[in-house]
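For reference, the structure is listed below as structure tokens.
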Amino acid sequence: MRYTRYNYKAPKKSNNNFIIIITLTLIVAIALGTIFSKLLPNNAASTVDNSTKVSLEKDSGDTSKAATTSNVKDYVALQCGVFSVKASATQLKNTLTEFGTPFIIEEDNISRVILGIYPKDGIDSVVKELNAKKITFTKINYKLNASDSTSALTNELISANIKILNKLSEKNTGSYTTTELKKWMLTLKGADEKSGNYINMNELKVYLTALPDKYEKGKTEEGYIYIYKFIKKLIKT
């Protein structure tokens, strides 16, 4: 019968010394790593995408939650007719009031009849009504990209303004209180004065700040004309 032979000799002291040295080296490395990590700035990892993140509210009526601005905003203007004679444009405009707030834009010696400006994902109900009444229209798409924090803030201001105008265009809305909008604008931070879009952002902010506390429905058409021209100016710059 075979037996397994075990060696019961005590380990050499040199092996113990080697283990002790390795252990001490690991302890020192961990300690140094901890010290250096505390010396580094806490926000080093977060500085990569600060240009596209700004703390503000997506809904102008709620200033209790922080949100991240979107880099892209898509809007649609519904063009229902183009005329060389303004009287004809006015006649069409008057027939569209049951669907919202139509307005006329005069450019290049023509008059465009436009029924509102809407977020791309908020146009279905209006389109459904127009189709039901067999009213022809063309969708004019506008895409606004935010290349920096100032552009992102501008996008949010445009979005807030269009939400108000769309609300005023609803049949049962007679006016809109802008108090919360103005409070919300005071919380907006992160605009860069060196940005090429800074002047445009300030212009829109001044315009919205000057709105009456009670924004009447009768001013909706004027508001649409302003924001239409403002968006066109942004696209050209």
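What follows is calculated from the coordinates using simple rules that are stated; it is not laboratory data. Since the model is a prediction, treat every value here as computed from it, not as a measurement. Cβ sites come from the backbone with ideal geometry, for glycine too, and all protein chains shown count toward neighbours.
For segment 208-225, filtered to residues that are of a type outside the set (S, T, N, Q) and in contact with a helix residue (DSSP H, G or I) (Cβ under 7 Å, 6 or more places away or on another chain), the residue that is surrounded by the fewest Cβ atoms within 10 Å (Cβ to Cβ) is ASP213. Answer with yes or no whether GLY218 is under 23 Å from THR97 (Cβ atoms), of a type in the set (Gly, Ala, Ser), touching a residue at least 40 places away in the same chain (Cβ under 8 Å) and not in a loop (DSSP other than H, G, I, E, B). No, not satisfied.
Residue check: ALA191 meets all listed conditions (1) within 18 Å of ALA146 (Cα to Cα); (2) in a helix (DSSP H, G or I); (3) of a type in the set (A, V, I, L, M, F, W, C) but one, namely (2). The listed residues are LYS139, LYS182, and the only one of them that is among the charged types (D, E, K, R) and closer than 19 Å to LYS73 by Cα turns out to be LYS139.
For segment 188-199, a tally of residues being on the phi < 0 side of the Ramachandran plot and either loosely packed, with under 11 Cβ neighbours inside 10 Å or in contact with a Ser or Thr (Cβ under 6 Å, 6 or more places away or on another chain) (or both) returns 8. Segment 69-163 holds strands (runs of 3 or more DSSP E) entirely within its bounds, and those carrying 2 or more residues that are crowded, with 16+ Cβ neighbours inside 10 Å and of a type outside the set (A, V, I, L, M, F, W, C) map to 72-83, 110-119.
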